[in-house]
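Here's the structure, in C-alpha coordinates; my notes come after.
The values are calculated or read from the model by the stated rules, or taken from the named source; none is laboratory data. Remember, it's a predicted structure, so these values are computed and weren't measured experimentally. Every residue, glycine among them, receives a Cβ derived from its backbone with ideal geometry; neighbour counts consider all protein chains shown. Calculation scope for accessible area: heavy atoms of the full protein, side chains included, ligands and nucleic acids excluded. Shrake-Rupley method; radii C 1.70, N 1.55, O 1.52, S 1.80 Å.
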Amino acid sequence: MENIIRFTVNDLTKYTAHRSGEIKFGERIITVPNGISITEFLKSIEAEYVMIGIPEDVGVRANFGRPGTASAWESAIKSIVNLQHNKYAKGSNLIILGKIDVSAIMEEAASIDATSAEGRKKLSELVDKIDKDVAHIVCQIIAAGKIPIIIGGGHNNAYGNIKGTALAKGKPVSAINFDAHTDFRQLEGRHSGNGFSYAFEEGFLKKYFIFGLHENYTSKAVMENIKKHYDRIKFNTYEQISVRKEKSFSEEMAHALGFIEDDPYGIEIDLDSLPNIASSAITPSGFSVEKVRQFIHYFGQHKNATYLHLCEGAPDLDNEKNNHLTGKLIAYLVTDFMKAKNDF
(Lines give C-alpha, C1' and ligand atoms only; values in the text may rest on other atoms or scores of the structure.)
Protein backbone atom coordinates (compact mmCIF):
# COMPACT_ATOMS: atom_id res chain seq x y z
CA MET A 1 0.00 0.00 0.00
CA GLU A 2 2.81 2.34 -0.89
CA ASN A 3 0.52 4.92 -2.51
CA ILE A 4 -1.30 5.83 0.71
CA ILE A 5 -0.70 9.09 2.55
CA ARG A 6 -1.18 7.84 6.09
CA PHE A 7 -3.45 9.65 8.49
CA THR A 8 -1.46 10.38 11.65
CA VAL A 9 -1.96 11.14 15.32
CA ASN A 10 -0.99 14.73 14.51
CA ASP A 11 -3.80 14.86 11.95
CA LEU A 12 -6.26 13.68 14.59
CA THR A 13 -5.07 16.38 16.95
CA LYS A 14 -5.38 19.04 14.26
CA TYR A 15 -8.98 18.19 13.39
CA THR A 16 -10.40 17.16 16.78
CA ALA A 17 -12.06 19.87 18.88
CA HIS A 18 -11.53 18.72 22.44
CA ARG A 19 -14.11 19.62 25.07
CA SER A 20 -14.05 18.98 28.80
CA GLY A 21 -16.39 16.19 29.89
CA GLU A 22 -16.68 14.70 26.41
CA ILE A 23 -14.84 12.00 24.47
CA LYS A 24 -14.66 12.61 20.75
CA PHE A 25 -14.12 9.98 18.05
CA GLY A 26 -10.78 11.61 17.33
CA GLU A 27 -9.58 10.73 20.83
CA ARG A 28 -10.19 7.02 20.23
CA ILE A 29 -9.75 6.51 16.47
CA ILE A 30 -6.77 4.35 15.55
CA THR A 31 -4.06 5.32 13.07
CA VAL A 32 -1.27 3.21 11.59
CA PRO A 33 2.13 4.17 13.03
CA ASN A 34 4.86 5.14 10.57
CA GLY A 35 7.46 2.50 9.89
CA ILE A 36 5.01 -0.36 10.45
CA SER A 37 3.57 -2.53 7.69
CA ILE A 38 -0.04 -1.48 7.09
CA THR A 39 -1.16 -5.02 6.31
CA GLU A 40 0.46 -6.51 9.39
CA PHE A 41 -0.93 -3.75 11.59
CA LEU A 42 -4.47 -4.30 10.30
CA LYS A 43 -4.20 -8.00 11.05
CA SER A 44 -3.03 -7.32 14.59
CA ILE A 45 -5.72 -4.84 15.68
CA GLU A 46 -9.27 -5.59 16.85
CA ALA A 47 -10.98 -2.59 15.23
CA GLU A 48 -13.24 -3.76 12.39
CA TYR A 49 -13.49 -0.77 10.06
CA VAL A 50 -10.80 0.85 7.92
CA MET A 51 -11.55 4.23 6.37
CA ILE A 52 -9.75 5.46 3.27
CA GLY A 53 -10.20 8.58 1.16
CA ILE A 54 -9.99 9.07 -2.59
CA PRO A 55 -9.72 12.86 -3.06
CA GLU A 56 -10.18 12.93 -6.84
CA ASP A 57 -12.61 14.14 -9.47
CA VAL A 58 -10.83 12.79 -12.55
CA GLY A 59 -13.57 10.24 -13.27
CA VAL A 60 -16.20 12.97 -13.03
CA ARG A 61 -14.25 15.20 -15.44
CA ALA A 62 -13.97 12.28 -17.89
CA ASN A 63 -17.77 11.94 -17.69
CA PHE A 64 -18.36 15.66 -18.44
CA GLY A 65 -19.37 16.32 -14.82
CA ARG A 66 -18.54 19.26 -12.60
CA PRO A 67 -15.31 18.75 -10.63
CA GLY A 68 -15.45 19.05 -6.85
CA THR A 69 -15.69 15.51 -5.47
CA ALA A 70 -12.04 15.69 -4.40
CA SER A 71 -13.10 17.86 -1.45
CA ALA A 72 -15.38 15.30 0.24
CA TRP A 73 -12.62 13.46 2.10
CA GLU A 74 -11.36 16.35 4.19
CA SER A 75 -14.90 17.61 4.85
CA ALA A 76 -15.87 14.15 6.10
CA ILE A 77 -12.80 13.80 8.30
CA LYS A 78 -13.53 17.10 10.07
CA SER A 79 -17.00 15.83 11.03
CA ILE A 80 -16.15 12.21 11.80
CA VAL A 81 -13.37 12.94 14.31
CA ASN A 82 -15.71 15.25 16.24
CA LEU A 83 -18.51 12.72 16.74
CA GLN A 84 -19.21 11.58 20.28
CA HIS A 85 -17.55 8.32 21.32
CA ASN A 86 -20.28 6.56 23.32
CA LYS A 87 -22.24 3.32 23.70
CA TYR A 88 -23.89 3.78 20.30
CA ALA A 89 -20.75 4.24 18.19
CA LYS A 90 -17.15 3.87 19.25
CA GLY A 91 -14.21 5.62 17.66
CA SER A 92 -11.99 2.78 18.83
CA ASN A 93 -13.65 0.49 16.28
CA LEU A 94 -12.41 2.65 13.39
CA ILE A 95 -8.98 2.84 11.81
CA ILE A 96 -8.35 5.84 9.58
CA LEU A 97 -5.78 4.56 7.13
CA GLY A 98 -5.42 7.74 5.12
CA LYS A 99 -5.96 8.87 1.55
CA ILE A 100 -4.76 7.56 -1.78
CA ASP A 101 -2.10 9.86 -3.16
CA VAL A 102 -3.68 11.22 -6.33
CA SER A 103 -1.98 14.62 -6.22
CA ALA A 104 0.08 14.15 -9.39
CA ILE A 105 -2.90 12.70 -11.27
CA MET A 106 -5.14 15.57 -10.18
CA GLU A 107 -2.53 18.12 -11.25
CA GLU A 108 -2.29 16.51 -14.69
CA ALA A 109 -6.09 16.27 -15.05
CA ALA A 110 -6.58 19.97 -14.29
CA SER A 111 -4.91 20.96 -17.56
CA ILE A 112 -6.79 18.48 -19.79
CA ASP A 113 -9.71 19.57 -21.97
CA ALA A 114 -12.45 16.99 -21.33
CA THR A 115 -14.50 18.17 -24.30
CA SER A 116 -11.96 16.92 -26.85
CA ALA A 117 -11.65 13.24 -27.81
CA GLU A 118 -7.94 13.27 -27.03
CA GLY A 119 -8.52 14.95 -23.69
CA ARG A 120 -11.16 12.46 -22.68
CA LYS A 121 -8.85 9.59 -23.62
CA LYS A 122 -6.12 11.03 -21.40
CA LEU A 123 -8.55 11.42 -18.50
CA SER A 124 -9.67 7.81 -18.91
CA GLU A 125 -6.05 6.70 -18.75
CA LEU A 126 -5.67 8.59 -15.48
CA VAL A 127 -8.81 6.90 -14.13
CA ASP A 128 -7.18 3.56 -15.01
CA LYS A 129 -4.26 4.46 -12.76
CA ILE A 130 -6.58 5.32 -9.87
CA ASP A 131 -8.45 2.04 -10.45
CA LYS A 132 -5.27 0.04 -9.84
CA ASP A 133 -4.58 1.76 -6.51
CA VAL A 134 -8.18 1.49 -5.30
CA ALA A 135 -8.42 -2.21 -6.18
CA HIS A 136 -5.09 -3.01 -4.53
CA ILE A 137 -5.85 -1.16 -1.29
CA VAL A 138 -9.41 -2.49 -0.95
CA CYS A 139 -8.14 -6.02 -1.61
CA GLN A 140 -5.48 -5.73 1.10
CA ILE A 141 -7.92 -4.34 3.67
CA ILE A 142 -10.45 -7.12 3.11
CA ALA A 143 -7.72 -9.79 3.02
CA ALA A 144 -6.65 -8.53 6.46
CA GLY A 145 -10.16 -9.30 7.75
CA LYS A 146 -11.38 -5.70 7.89
CA ILE A 147 -14.33 -3.81 6.39
CA PRO A 148 -13.41 -0.86 4.17
CA ILE A 149 -15.30 2.43 4.30
CA ILE A 150 -14.33 4.35 1.17
CA ILE A 151 -15.03 8.08 1.00
CA GLY A 152 -14.78 10.57 -1.79
CA GLY A 153 -14.15 10.71 -5.48
CA GLY A 154 -16.52 9.97 -8.32
CA HIS A 155 -18.48 6.79 -8.83
CA ASN A 156 -15.71 5.57 -11.11
CA ASN A 157 -14.21 4.13 -7.92
CA ALA A 158 -16.95 1.50 -7.70
CA TYR A 159 -14.88 -0.46 -10.22
CA GLY A 160 -11.81 -0.59 -7.97
CA ASN A 161 -13.95 -1.40 -4.93
CA ILE A 162 -15.62 -4.33 -6.69
CA LYS A 163 -12.42 -5.63 -8.27
CA GLY A 164 -10.49 -5.39 -5.00
CA THR A 165 -13.26 -7.19 -3.12
CA ALA A 166 -13.47 -9.94 -5.74
CA LEU A 167 -9.71 -10.46 -5.66
CA ALA A 168 -9.72 -10.67 -1.85
CA LYS A 169 -12.64 -13.13 -1.85
CA GLY A 170 -11.32 -15.13 -4.80
CA LYS A 171 -14.62 -14.93 -6.66
CA PRO A 172 -17.03 -12.45 -8.26
CA VAL A 173 -19.02 -10.33 -5.79
CA SER A 174 -22.29 -8.40 -5.94
CA ALA A 175 -23.25 -4.77 -5.37
CA ILE A 176 -26.29 -2.76 -4.30
CA ASN A 177 -26.20 0.81 -5.61
CA PHE A 178 -28.38 3.59 -4.14
CA ASP A 179 -28.27 5.88 -7.14
CA ALA A 180 -30.24 8.02 -9.56
CA HIS A 181 -28.13 6.60 -12.40
CA THR A 182 -27.07 3.10 -13.44
CA ASP A 183 -23.39 3.94 -14.03
CA PHE A 184 -23.64 1.03 -16.47
CA ARG A 185 -22.83 2.98 -19.60
CA GLN A 186 -20.87 1.70 -22.58
CA LEU A 187 -17.23 0.62 -22.37
CA GLU A 188 -15.77 3.76 -23.94
CA GLY A 189 -12.82 4.37 -21.63
CA ARG A 190 -13.08 4.65 -17.88
CA HIS A 191 -15.09 7.40 -16.23
CA SER A 192 -17.61 7.87 -13.43
CA GLY A 193 -20.53 6.58 -15.53
CA ASN A 194 -19.28 3.08 -16.29
CA GLY A 195 -17.61 1.62 -13.20
CA PHE A 196 -20.21 -1.13 -12.85
CA SER A 197 -20.29 -2.03 -16.55
CA TYR A 198 -16.52 -2.48 -16.61
CA ALA A 199 -16.60 -4.58 -13.42
CA PHE A 200 -19.40 -6.68 -14.93
CA GLU A 201 -17.65 -7.13 -18.28
CA GLU A 202 -14.38 -8.18 -16.63
CA GLY A 203 -16.05 -10.77 -14.42
CA PHE A 204 -15.66 -9.12 -11.02
CA LEU A 205 -19.34 -8.17 -10.56
CA LYS A 206 -21.74 -11.12 -10.21
CA LYS A 207 -25.10 -9.49 -9.44
CA TYR A 208 -26.01 -5.83 -9.49
CA PHE A 209 -29.08 -4.06 -8.07
CA ILE A 210 -29.72 -0.35 -8.76
CA PHE A 211 -32.04 1.13 -6.14
CA GLY A 212 -34.05 4.28 -6.90
CA LEU A 213 -33.10 4.86 -10.52
CA HIS A 214 -34.45 8.14 -11.92
CA GLU A 215 -36.50 7.40 -15.02
CA ASN A 216 -35.80 10.78 -16.64
CA TYR A 217 -32.03 10.22 -16.69
CA THR A 218 -31.70 6.64 -17.90
CA SER A 219 -31.11 6.19 -21.61
CA LYS A 220 -32.89 3.67 -23.79
CA ALA A 221 -29.53 2.10 -24.73
CA VAL A 222 -28.60 1.50 -21.10
CA MET A 223 -32.02 0.01 -20.34
CA GLU A 224 -31.75 -2.35 -23.29
CA ASN A 225 -28.30 -3.44 -22.18
CA ILE A 226 -29.58 -4.18 -18.68
CA LYS A 227 -32.46 -6.22 -20.09
CA LYS A 228 -29.93 -8.52 -21.78
CA HIS A 229 -28.69 -9.49 -18.33
CA TYR A 230 -32.03 -9.64 -16.48
CA ASP A 231 -30.90 -12.66 -14.43
CA ARG A 232 -27.92 -10.75 -12.99
CA ILE A 233 -29.02 -7.09 -13.01
CA LYS A 234 -32.19 -5.77 -11.35
CA PHE A 235 -33.45 -2.30 -10.54
CA ASN A 236 -36.34 -0.25 -9.29
CA THR A 237 -37.06 3.42 -9.86
CA TYR A 238 -37.57 6.37 -7.58
CA GLU A 239 -40.81 7.14 -9.37
CA GLN A 240 -42.19 3.63 -8.79
CA ILE A 241 -41.56 3.97 -5.04
CA SER A 242 -42.06 7.62 -4.15
CA VAL A 243 -44.15 9.16 -6.94
CA ARG A 244 -46.56 6.54 -8.27
CA LYS A 245 -46.46 4.43 -5.07
CA GLU A 246 -46.43 1.21 -7.09
CA LYS A 247 -43.82 -0.27 -4.76
CA SER A 248 -42.90 0.26 -1.13
CA PHE A 249 -39.45 1.28 0.06
CA SER A 250 -39.20 -1.46 2.71
CA GLU A 251 -40.48 -4.24 0.44
CA GLU A 252 -38.07 -3.20 -2.27
CA MET A 253 -35.14 -3.36 0.17
CA ALA A 254 -36.16 -6.92 1.04
CA HIS A 255 -36.46 -7.76 -2.66
CA ALA A 256 -33.01 -6.34 -3.41
CA LEU A 257 -31.41 -8.13 -0.48
CA GLY A 258 -32.92 -11.42 -1.60
CA PHE A 259 -31.30 -10.90 -4.98
CA ILE A 260 -27.72 -10.29 -3.70
CA GLU A 261 -27.51 -11.76 -0.20
CA ASP A 262 -25.92 -15.11 -1.08
CA ASP A 263 -22.61 -13.49 -2.03
CA PRO A 264 -20.30 -10.89 -0.50
CA TYR A 265 -21.62 -7.50 -1.61
CA GLY A 266 -20.64 -3.87 -1.55
CA ILE A 267 -22.93 -1.00 -0.59
CA GLU A 268 -22.54 1.89 -3.01
CA ILE A 269 -24.12 5.24 -2.12
CA ASP A 270 -24.13 8.05 -4.67
CA LEU A 271 -24.82 11.28 -2.82
CA ASP A 272 -26.16 12.92 -5.98
CA SER A 273 -29.30 10.80 -5.54
CA LEU A 274 -30.26 12.93 -2.51
CA PRO A 275 -32.05 16.27 -3.04
CA ASN A 276 -29.94 19.41 -2.92
CA ILE A 277 -26.73 17.71 -1.78
CA ALA A 278 -23.72 19.40 -3.36
CA SER A 279 -22.47 17.02 -6.06
CA SER A 280 -21.39 16.89 -9.69
CA ALA A 281 -24.98 16.08 -10.72
CA ILE A 282 -27.10 17.77 -8.06
CA THR A 283 -30.80 16.88 -8.08
CA PRO A 284 -33.88 18.70 -6.73
CA SER A 285 -35.81 15.42 -6.34
CA GLY A 286 -34.94 12.13 -4.68
CA PHE A 287 -35.08 10.03 -1.54
CA SER A 288 -34.60 11.77 1.80
CA VAL A 289 -31.54 11.54 4.03
CA GLU A 290 -33.61 9.45 6.45
CA LYS A 291 -34.28 6.93 3.66
CA VAL A 292 -30.62 6.50 2.77
CA ARG A 293 -29.80 6.07 6.47
CA GLN A 294 -32.44 3.34 6.74
CA PHE A 295 -31.01 1.80 3.58
CA ILE A 296 -27.46 1.65 4.96
CA HIS A 297 -28.67 0.18 8.25
CA TYR A 298 -30.73 -2.48 6.47
CA PHE A 299 -28.03 -3.65 4.09
CA GLY A 300 -25.14 -3.00 6.46
CA GLN A 301 -26.32 -5.46 9.11
CA HIS A 302 -26.10 -8.51 6.84
CA LYS A 303 -23.09 -10.81 7.26
CA ASN A 304 -22.20 -10.49 3.56
CA ALA A 305 -22.00 -6.68 3.59
CA THR A 306 -18.33 -6.27 2.73
CA TYR A 307 -17.72 -2.54 2.21
CA LEU A 308 -19.38 0.88 2.14
CA HIS A 309 -18.61 3.47 -0.53
CA LEU A 310 -19.86 7.07 -0.21
CA CYS A 311 -19.14 9.02 -3.37
CA GLU A 312 -19.96 12.01 -5.58
CA GLY A 313 -20.34 14.45 -2.68
CA ALA A 314 -18.73 17.79 -3.60
CA PRO A 315 -18.64 20.26 -0.69
CA ASP A 316 -16.64 22.74 -2.77
CA LEU A 317 -19.68 23.16 -5.04
CA ASP A 318 -21.81 24.35 -2.12
CA ASN A 319 -21.71 27.87 -0.76
CA GLU A 320 -19.15 28.61 1.93
CA LYS A 321 -21.85 28.79 4.61
CA ASN A 322 -23.13 25.24 3.97
CA ASN A 323 -20.12 23.34 2.64
CA HIS A 324 -19.58 21.58 5.98
CA LEU A 325 -22.97 19.86 5.68
CA THR A 326 -21.74 17.27 3.16
CA GLY A 327 -19.08 16.12 5.60
CA LYS A 328 -21.63 15.99 8.40
CA LEU A 329 -23.95 13.89 6.24
CA ILE A 330 -21.12 11.47 5.43
CA ALA A 331 -20.37 11.16 9.15
CA TYR A 332 -23.98 10.13 9.83
CA LEU A 333 -23.82 7.50 7.08
CA VAL A 334 -20.48 6.11 8.28
CA THR A 335 -21.76 5.61 11.82
CA ASP A 336 -25.06 4.16 10.57
CA PHE A 337 -22.99 1.50 8.81
CA MET A 338 -20.87 0.82 11.89
CA LYS A 339 -23.92 0.57 14.11
CA ALA A 340 -25.66 -1.80 11.69
CA LYS A 341 -22.79 -4.26 11.73
CA ASN A 342 -22.35 -4.12 15.48
CA ASP A 343 -25.12 -4.65 17.98
CA PHE A 344 -24.26 -1.79 20.34
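Numbers at a glance
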{"read-out": "Furthest towards positive pole of dipole, S242, F295, S197, structure part the chain, Cβ charges", "value": "F295"}
{"read-out": "Where K328, K206, K220 fall by accessible area, highest first, once all protein chains stay in place (1.4 Å)", "value": "K220, K328, K206"}
{"read-out": "Inter-probe distance in nm under a simple model that places probes 7 Å from Cα toward Cβ, at Y88 and A221", "value": "4.7"}
{"read-out": "FRET efficiency estimate (nearest 0.05) - Cβ-Cβ, E290 to E22, R0 25 angstrom", "value": "0.45"}
{"read-out": "N156 long-range amide H proximity, modeled H, under 5 Å", "value": "S192"}
{"read-out": "Pairs from K122/K206; K146/K220; K171/K228; K78/K341; K78/K121 whose Cα-Cα separation, in the structure shown, is over 32 Å", "value": "K146/K220; K78/K121"}
{"read-out": "Efficiency of FRET between S103 and Y332 - r from beta-carbon atoms, R0 45 angstrom, step 0.05", "value": "0.95"}
{"read-out": "Using θ = phi - 60° and Karplus 6.51 cos²θ - 1.76 cosθ + 1.60, couplings along the stretch 115-126 (whole Hz; Gly, Pro as x)", "value": "7, 8, 4, 5, x, 5, 4, 5, 5, 5, 5, 5"}
{"read-out": "Table column - 3J(HN,Hα) (Hz), the stretch 276-286, Karplus curve with 6.51, -1.76, 1.60, x for Gly and Pro", "value": "6, 8, 4, 7, 5, 9, 4, 10, x, 9, x"}
{"read-out": "Spatial separation of Cα centroids for the stretch 129-161 and the stretch 3-24, in angstrom", "value": "23"}
{"read-out": "Rough spin-label spacing in nm, given labels placed 7 Å along Cα→Cβ, for S116 and R244", "value": "4.5"}
{"read-out": "Distance between the stretch 229-290 and the stretch 46-85 - C-alpha centres, whole angstrom", "value": "21"}
{"read-out": "Under Karplus coefficients 6.51, -1.76 and 1.60, residue-wise ³J(HN,Hα) of the stretch 39-53 in Hz, glycine/proline x", "value": "4, 5, 5, 4, 5, 8, 9, 7, 3, 8, 10, 10, 9, 10, x"}
{"read-out": "Size of charge dipole - the stretch 171-289 - debye, nearest 20, with Cβ of Lys, Arg +1 and Asp, Glu -1, no other charges", "value": "220"}
{"read-out": "Cut-off under 5 Å, modelled amide H: who pairs with G313 long-range", "value": "L271"}
{"read-out": "Carbon and sulfur %, accessible surface of the chain computed with the full protein complex present, 1.4 Å", "value": "48"}
{"read-out": "Where R190, R66, R232 fall by accessible area, highest first, once all protein chains stay in place (1.4 Å)", "value": "R66, R232, R190"}
{"read-out": "Placed amide H near L83: partners under 5 Å, 5+ positions off or other chain", "value": "F25, G26"}
